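The values are calculated or read from the model by the stated rules, or taken from the named source; none is laboratory data. None of these values were measured; they are calculated from a predicted model. Cβ coordinates were reconstructed from backbone atoms using ideal geometry, including for glycine residues, and neighbour counts include every protein chain displayed. SASA here: full protein model, heavy atoms, side chains in, ligands and nucleic acids out. Shrake-Rupley method; radii C 1.70, N 1.55, O 1.52, S 1.80 Å.
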Amino acid sequence: MTQPRGSGNNSPAASAALSGAVDLSAVKARAEAAARPPASGGPGGQQAGGAANGAVIDVTEDTFQAEVVERSLRQLVVVDLWAEWCGPCKQLSPVLERLASESGGSWVLAKVDVDANPRISQLFGVQSIPTVVAIAGGQPVDAFSGALPENQIRQWLTQLLDALKDKLPGAPAPQESEEVEEPDDPRFTEAEDAFEQGDFAAAAAAYQRILDSEPGNEQAKAALVQVRFAERAARTDPSAVARADADPDDLDAALAAADAEVADGDVERGFTRLVSAIRRTAGTDRDRVREHLVGLFDLFDPADERVAKARRDLASALF
């Protein structure tokens with residue numbers, strides 16, 4: 001998790017949320033939305049949920065799944081983690097509420113009182129407040145901490161919306177025009193050639209160079225995840241599946257077996273194996289398996305039903 005681009009510094013307090021190990025489906029709805037109490041308003045003094053026809057909403061652990069995770073599949077959701085005693089929160093929240101109200105529905109502000117909803121702040125690994133997390137497609141995509149100036153927040157939001165305009169429903173459809181064949185990007189050609197030759201290290205290095213110069217290049221990010229997995233799967237011991245089946249408590253074998261099964265297209269079996277291991281483990285062993293499983297999720301479209309089911313199973317195993 002980083003400060004908004006161009007802000008000049010990083011935010012170690014927010015680093016956990018974009019680590020790849022944050023599973024937002026872990027906070028499951030435990031009550032019907034109709035049963036939740038009326039919105040109480042945040043430190044900005046507005047009744048959350050009443051601003052600009054729902055541009056600002058109060059969110060609890062009970063409503064997090066529906067109001068944040070599921071909503072983010074259709075619309076950018078910006079989560080404001082605050083507390084009544086937090087002075088900087090009282091500076092930041094009114095700015096966020098006003099910008100949400102002026103956004104015309106392009107994004108929604110979800111306000112979370114961390115004192116009343118500690119599991120949500122734990123989910124993001126929050127170390128200080130205010131912390132602001134942008135959620136799209138059911139996953140954190142960027143974040144910052146601290147009461148930043150309004151101009152920096154506006155810039156951050158603009159960059160996020162520009163990056164997501166072709167991925168969220170409701171984005172304007174591209175106008176039809178004559179197709180112009182774009183020349184191949186030599187940087188990607190280099191990476192793809194290396195991958196086809198089985199030189200995973202060279203392919204990963206080529207994609208990393210693209211990301212070093214263009215940190216927001218989603219194509220390179222996705223390709224790098226695939227390359228790193230392919231390299232790991234290529235080193236997998238062919239006997240891993242048999243060893244894992246023979247001894248379910250052998251975590252090394254379980255992780256290797258799941259990789260082999262996913263690489264062979266038996267995705268659901270690989271996911272199920274790791275969820276079962278999570279149910280049997282605790283502490284650092286459980287964290288190790290969970291992080292491995294969430295890393296495998298990154299290989300697929302978040303909307304893939306196999307991933308969605310495994311996320312639900314993971315949430316059930318953890319809570």
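Return yes when Gly146 is in contact with a helix residue (DSSP H, G or I) (Cβ under 9 Å, 6 or more places away or on another chain), at pLDDT below 90 and exposed (fewer than 15 other Cβ atoms within 10 Å of the Cβ) and no when it is not.
Working: in contact with a helix residue (DSSP H, G or I) (Cβ under 9 Å, 6 or more places away or on another chain): yes; at pLDDT below 90: yes; exposed (fewer than 15 other Cβ atoms within 10 Å of the Cβ): no.
No, not satisfied.
Would you please name the residue that is farthest from the chain's Cα centre (by Cα), looking only at residues in segment 298-309 that are without any contact (Cβ under 8 Å) to a residue 40 or more places away in the chain and open to solvent by less than 70 Å² (accessible area, probe 1.4 Å)? The residue in question is Asp304. Of Arg288, Arg209, Arg269, Arg279, which residue is under 29 Å from Leu160 (Cβ atoms), at pLDDT 90 or above and among the basic types (Lys, Arg)? Result: Arg209 is the single residue among Arg288, Arg209, Arg269, Arg279 that is under 29 Å from Leu160 (Cβ atoms), at pLDDT 90 or above and among the basic types (Lys, Arg).
There is no residue in segment 123-134 that is closer than 30 Å to Arg311 by Cα, without any contact (Cβ under 8 Å) to a residue 24 or more places away in the chain and open to solvent by 20 Å² or more (accessible area, probe 1.4 Å).
Would you confirm, using the coordinates I've provided, whether Ser93 is part of a helix (DSSP H, G or I) and of a type in the set (Ser, Thr, Tyr)? Against the criterion (part of a helix (DSSP H, G or I) and of a type in the set (Ser, Thr, Tyr)), Ser93 qualifies. Considering segment 89-119, and only residues there that are out of contact with any strand residue (DSSP E or B) (no Cβ under 9 Å at 6 or more places or on another chain) and under 20 Å from Pro149 (Cβ atoms), the residue that is surrounded by the most Cβ atoms within 10 Å (Cβ to Cβ) turns out to be Arg98.
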